[in-house]
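The values are calculated or read from the model by the stated rules, or taken from the named source; none is laboratory data. This one's a predicted model, so the numbers in the text were calculated from it and none came from an experiment. Neighbour counts are summed over all protein chains in view; Cβ atoms, including those assigned to glycine, are modelled from backbone coordinates with ideal geometry. Surface areas here come from the heavy atoms of the whole protein model, side chains and all, with no ligands, DNA or RNA. Shrake-Rupley method; radii C 1.70, N 1.55, O 1.52, S 1.80 Å.
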Amino acid sequence: MKRNRQAAGELRRSDAGRKVLLQGWVGRRRDLGELIFLNVRDRSGEVQVLFDKGRCPAEAVARAAEARGEDVVELEGEVVLRAEGQRRADSPTGEIEIVATRLDFLARSETPPFLVEDRTNATEELRLEYRYLDLRRPAMQKNLRLRDEIAFRIRKALHERGFIEVETPMLTRSTPEGARDFLVPSRQHNGLFYALPQSPQIFKQLLMVAGFEKYFQIARCFRDEDLRADRQFEFTQIDLEMSFPSEDDVFDAVEAFLAEAYAAVGVSVARPFPRLAYREALDRYGTDRPDLRFGLTLVDLSAASAESEFAPMESALSAGGAVRGLRVPSGASSSRKKLDEWSEEAKKLGASGLIWIKRAGGEVTSPAKKNLSPAVLERILQTALVEENDLLLIVAGSAEVSAAVLGALRLAIAREMKWIDESRWAFCWVTEFPLVGRDTETGTWYPMNHPFTSPKDEDLHLLESDPGRVRARAYDVVLNGWELGSGSIRIHRADIQERVFRLLGISPEEGRHRFGFLLDAFRFGAPPHGGIALGLDRICALAAGSASIRDVIAFPKTTSGLDLMMKAPSDVGENQLKELGIRTVKTSGS
Ligand code: ASP
C-alpha cells in the first residue's frame, strides 16, 4: 500500500492534530534525557521531531538517541502546536513539532566532514569535494531550484515567442570566439581532433540559412581560459539567433525573457532598457559595463586643461589622450589616507598618478595647485561643477586608461560611501562597439566580438581607410555592472565578409579553411540575421544574490580547473592513449 509521505518543510499550525509519515535526513539532535529532539530535513525544508520517553515507544526513543546527523530516517507521529514560549518565528515550521511514535533508519551516515547547514565554516575546497553534501544545504537547494525556475521561464518565454530550441553538436571544430579550445582526439581518425564548441555561433547562423528564423538553445559552451569567480571552463549560454531582425527585435526578445526570469525573484524589470553607445558608456562611466544603480559620472576635462602646463596633463593631451575627472559630492572630507589609497589603486590600474582637488571652507586645496594656473584651475572646477565640500579626482592619460581608472574608482567610492541602491536592478544595452581593436604590439586588428559581426552601414566606407573608427552592429546587455551577454547583427554578404577577413588578416585560404562551410552556405541565399548569447550562470548568480557563479552550478570546478569530487582531470590508461594515437610527453602537475 502506498503511504503518503509528508513534506517536512510544509507543515504549519493548521496541520496540528494530523498523523504524518516523514522520510528525510537527520539534522541537529538535542538530547535532554527525558526528551530527544531531532530536526528532520527533506527537500521542502526542516521540521522538529520530539521523542518523549513518557509518550513514545521505547524502541523509537532508543533509535532517536542513536540517530546522527545525515542518517536517513522514516518516522511517524502527530503534528502538535508548540507551547507558546517554544514557537520560533525564524523557521516556517517553527510553530509546530511532530510528536513521534515510530522511527526507522533507512540508511546510516558516517560523520559528515562538515555540518549540513547554511552557516558553515567549511572551506570551499571541502564543500566541492563533498559536493553532494554541500548541495543538501538549504541555501544550495534553493539556488539550484531557482536556476531550474529561471531556465524554465526563459524557455517558456522564448517558446511562446516562436523560438525553437535546437541542439547543436558538442564534438565539432573550432568556433570563432577566439579563446583557447578544448580538444578531443579522434580514435577513428588518429591525429585529428574535435574541438568542443566555445559557443554554437556557426551552427546558429547555419540554422538561419536553413530557414528556422528563430532559434534558441540553453547551450553548454567550453573555453579554456583562466578561471575567476564569474568564469568556468564550461558554462551555460542562452543562445539565440533571428532572421530578418533589427536590433530592436533582438532587444525585445531578450528583455522579455529577462523580465520573466527575474520575476522569479520578485523583481519587476522596467522595459525598455536604457541604451548607451559604447563611447558614451566609456566617457560617462569609464567602462562598457556601467553600473547604473547610482549617478556619479565622469567628466571630460581635456578642453578645460588644454592650456595647462602641468606635465601629466600636457603630455597626455599632446599624445592624443584625455584628462578626465570624477566629482565626489561631499568628498572634501576624505582623509589623506583615503586619497593615498585611491592614488595607489589608480597607479595599479595603469595611471601615472591621481590628481585631487578639494573645495571646502571657501578654499581650494590640491597638491597640484602650484602647477595649475588660476585660470585653468577655475575652468576645471567649473567644468566639473565642483561645489563647496566636493572632491574632484583627475586622471590624465590615454583615453582608455583615464576612463578605466576613474570608472574603477567610481565603483569603489560608491561602494565605500554606500551609494549603491542594492534594491535596484539596473539593466542597460551598450551599443555601437568598435568593430575591431588594435594589438598595440603587433599593430594588427582583431575583432572585438567575432569576425561575423556586421559593421554599421554608414561606417562601411572606413573599413579600409580608418578601421578603428568603424562601429559594429554589436551590443551587450548589462545588469548592475555585470555583462550578461553580447551579440550582434551578422554579416550576410560575401563581399563584406571578405573585406572584414582581409582587415583581420584572415587570408581567403584561411577563411575557407576555418569557416568554409559557412561561406559556402552563404552562397545559397543567406537571410540577414543576428542574435545574442547571455550567460545563464551569471543571470542566476545575480538573481540568487551570490557573488560567485559556482554557487548556482551543481558541480563546478575550482579556479584552477579541478573537479575535486570526481578528481578530474585524470590520467588515462596506456591502451586508451594508444587507440587515440597519442603519446604524452609530460604529464602536467607531475
Ligand atoms: N557567440 C557569441 C558569444 O558567445 C555571442 C553571439 O554573438 O551571439 O560571445
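Laid out as a table, the results:
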{"item": "Linear extension gain, Ala179 paired with Ser548, 0.36 nm per residue minus alpha-carbon span", "result": "130.7 nm"}
{"item": "R0 of 30 Å, Cβ-Cβ distance Phe517-Asp439: FRET efficiency to nearest 0.05", "result": "0.60"}
{"item": "Area of Phe222 that stays accessible when all protein chains are in place (1.4 Å probe, Å², to 10)", "result": "30 Å²"}
{"item": "Sparse-neighbour loop sites [GluC sites (Glu not before Pro); region 150-187; at most 15 other C-beta within 10 Å; DSSP]", "result": "Glu167"}
{"item": "Scaled radius of gyration (Cα, divided by 2.2 N^0.38 Å) that the chain gives", "result": "1.21"}
{"item": "Inter-label distance for Glu341 and Ala412, nm, one decimal - labels placed 7 Å from Cα along Cα-to-Cβ", "result": "0.9 nm"}
{"item": "Potential extension, Arg583-Phe105 segment - 0.36 nm per residue separation minus Cα distance", "result": "167.0 nm"}
{"item": "Qualifying chymotrypsin sites (Phe, Trp or Tyr not before Pro) for region 491-585 [loop in DSSP, other Cβ within 10 Å: at most 11]", "result": "Phe524"}
{"item": "Cα pair distances of region 1-139 binned at 10 Å [whole percent]", "result": "12, 43, 34, 10, 1"}
{"item": "Inter-part distance where region 435-471 and region 234-278 are each reduced to a Cα centre, Å", "result": "26 Å"}
{"item": "If the convex hull is drawn through the Cα atoms of region 1-68, its volume per residue in Å³", "result": "112 Å³"}
{"item": "Surface accessible to a 1.4 Å probe, His461 within the full protein complex, Å²", "result": "130 Å²"}
{"item": "Directionally averaged projected area (convex hull, Cα atoms, region 249-402), nm²", "result": "11.5 nm²"}
{"item": "Length gained when the stretch Glu167-Asp495 is fully extended (0.36 nm per residue, less Cα-Cα span)", "result": "115.1 nm"}
{"item": "Estimated [θ] at 222 nm from DSSP helical runs (n ≥ 4, -39500 (n - 2.57)) normalised by residues in the chain, nearest 500", "result": "-8500 deg cm²/dmol"}
{"item": "Inter-site label distance for Ala277 and Ala311 at 7 Å from Cα along Cβ, in nm", "result": "3.7 nm"}
{"item": "Rg/Rg_ref, region 75-185, where Rg_ref = 2.2 N^0.38 Å and atoms are Cα", "result": "1.74"}
{"item": "Region 535-577 - Rg and Dmax from Cα coordinates, angstrom", "result": "14.7, 47"}
{"item": "Whole-percent carbon and sulfur share, accessible surface of region 1-78, 1.4 Å", "result": "46 percent"}
{"item": "Solvent-accessible area per residue for the chain (1.4 angstrom probe, square angstrom)", "result": "51 Å²"}
{"item": "Relative contact order (%) - region 339-430, alpha-carbon pairs under 8 angstrom, separation at least six", "result": "30 percent"}
{"item": "Heavy-atom accessible surface of region 395-439: percent carbon and sulfur, 1.4 Å", "result": "51 percent"}
{"item": "Neighbour cut-off at most 14 other Cβ (10 Å), DSSP loop, trypsin sites (Lys or Arg not before Pro), region 547-590", "result": "Lys567, Arg583, Lys586"}
{"item": "Inter-label distance for Leu385 and Leu21, nm, one decimal - labels placed 7 Å from Cα along Cα-to-Cβ", "result": "7.0 nm"}
{"item": "FRET efficiency estimate (nearest 0.05) - Cβ-Cβ, Trp482 to Ser14, R0 35 angstrom", "result": "0.25"}
{"item": "5 Å binning of all Cα-Cα separations within region 96-248, expressed as whole percents from 0 upward", "result": "2, 7, 11, 12, 13, 13, 12, 9, 8, 6, 3, 2, 1, 0"}
{"item": "Computed accessible area, Thr440, all protein chains, 1.4 angstrom probe, square angstrom", "result": "140 Å²"}
{"item": "Cα centroid separation, region 525-558 to region 300-321 (Å)", "result": "42 Å"}
{"item": "Euclidean distance between Cα centres, region 200-229 to region 65-105, Å", "result": "49 Å"}
{"item": "Cα-based Rg of region 248-324 normalised by 2.2 N^0.38 Å, two decimals", "result": "1.64"}
{"item": "Which of Asp495, Asp148, Asp134 is most accessible, then next, and so on - probe 1.4 Å", "result": "Asp148, Asp495, Asp134"}
{"item": "Efficiency of FRET from Cβ geometry, Ser268 and Thr297, R₀ 22 Å, rounded to 0.05", "result": "0.25"}
{"item": "Ranked order, Val470, Val209 - accessible area, probe 1.4 Å, largest first", "result": "Val209, Val470"}
